[in-house]
Amino acid sequence: MLSVARLGGQTTGALLVAGLFTVFPHPAFICLGAAMMAALTGSALSLGRKYLAA
């Protein structure tokens, strides 16, 4: 199950980045911004586990 979830995430990420490169000629800032938002969201969720788990 973990392998399927990992592969699904990799496939989805590759599709999104390929879509950005198709739509925008120079999407470097958009890709970096999306990566930053994903990292911040992951960090917030990870930190939130400490307070949500009782």
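For this structure, a couple of remarks:
- Acute angle (nearest 10 degrees) that the helix 28-52 long axis makes with the longest principal axis of the chain, alpha-carbon atoms: 10
- Helix 2-23 vs. the chain, principal-axis angle (Cα, 0 to 90°, nearest 10): 30
- Computed per residue of the chain from DSSP H runs no shorter than four, each worth -39500 (n - 2.57), the mean residue ellipticity at 222 nm is -30500 deg cm²/dmol.
- Gained length - LEU47 relative to SER3, 0.36 nm times residue gap less alpha-carbon distance: 13.4 nm
- Å² of accessible area per residue within segment 4-53, as computed with a 1.4 Å probe and no ligands counted: 85
The values are calculated or read from the model by the stated rules, or taken from the named source; none is laboratory data. Worth saying up front: this structure is predicted, and the values here are computed from it rather than measured. Accessible surface is based on the protein model in full, side chains and every heavy atom, while ligands, DNA and RNA are left aside. Shrake-Rupley method; radii C 1.70, N 1.55, O 1.52, S 1.80 Å.
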